[in-house]
Amino acid sequence: MHNTTPRRGLKRGAIRLTRRGRIAMIAIGTAAAATAVAVPLLLPDEEPRPQTLTIPEGWRSAQVYEAVDKALDVRSGTTKQAVSKTDLKLPGDAGGNPEGYLFPATYPLSSQSTPASVLSYMVNTANKKFSGGHVTAGADRNAVNVYQTVTIASMVEAEADNPKDMGKVARVIYNRLDRGMPLQMDSTINYALNRSTLKTTSRDTKIGSPYNTYARMGLPPTPIANPGEAAMRAAISPTPGDWLYFVTVKPGDTRFTASYEEHQRNVAEFNRNGQPAA
């Protein structure tokens, strides 16, 4: 313990400063005040947290999780771990998997934003977009439920070379389902293998996965990406047609046909061009 008793004969209130002392104290006080303002400016300048987060159409949930981690400056994997701990308003068919319901949009962020709050915002937005009467009516018209419609929209988002072809891609999916044909979508195999590639090999089509739509009938068990509004419109109201096959011969040139022989000719042209198939 320090002795705080003032020296004998010198009262606390009687301490006097000389003019020089007063000037020195004022100078010290001014310097301290200036330092108090300046110090934060001299600290290492961290990147400020962004005020918004944009999720593009067609991103998979894994990409969304990584983007949220980065935007909120949290440890990698934090957002993915938050999924099972957050009461997300997902349809029962989703089984707790938010794939397809992390709606593509630009979301506001604040200092109070957390992975759980951002995920909830995305899912709530998706529910608002997917719960309209036109969506349920379209699903009924196509003999599927809303969750299956989102699944189809996710494939349309991944497969269509450009927005104008989305309705035709959706029609191919429905036509194949109606005829009991496997969908044979490369995008679903890419999802199973957690990759994005331009070519699917014969070996790829034999993988043991519920997302292998070459080997398994019907829709994949979940959406394979998060579709935007254009893909959802296509899934709800596909373009009328009898097409069963399509291939993107070159960018901007996707060929749709009901004839397997014509499709084979289109595929041969695609192979000559070395362009990605849809």
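Entry note, the range 145-273: relative contact order of 32 percent, from Cα contacts under 8 Å with a spacing of 6+ residues.
Seen from Thr197, the other residues with C-beta closer than 15 Å to its C-beta sum to a net charge of +1, counting Lys and Arg as +1 and Asp and Glu as -1. Under 5 Å between amide hydrogens, built in the peptide plane, is the criterion, and for Tyr245 it picks out Thr257 among residues at least 5 positions away or on other chains.
Sketch the reach of a paramagnetic label on Asn145 as a point 7 Å from Cα along Cα-to-Cβ, and name the residues of the range 121-135 whose backbone nitrogen lies under 20 Å away. From the range 121-135, the list is 123-135. As a rough footprinting exposure proxy, the listed residues Ile236, Ile224 were ranked by other beta carbons within 10 Å of their own, and the order from fewest upward is Ile236, Ile224. Neighbour counts of C-beta atoms inside 10 Å place Tyr260, Tyr101 in the sequence Tyr260, Tyr101, starting with the fewest. If Lys and Arg each add +1 and Asp and Glu each add -1, what is the summed charge of the other residues whose beta carbon sits under 15 Å from the beta carbon of Ser76? Surrounding charge for Ser76 is 0.
Taken as Cα centroids, the range 191-270 and the range 103-156 sit 22 Å apart, rounded to the nearest whole angstrom.
In a simple Cβ point-charge model (Lys, Arg +1; Asp, Glu -1; nothing else charged), the range 52-130 has a dipole of about 80 debye relative to its Cα centre.
Throughout, read-outs are computed from the coordinates displayed, never taken from laboratory work. No experiment lies behind these values; they were computed from the predicted model shown. Please note: Cβ atoms are built from the backbone with ideal geometry, for glycine as well, and neighbour counts cover all protein chains shown.
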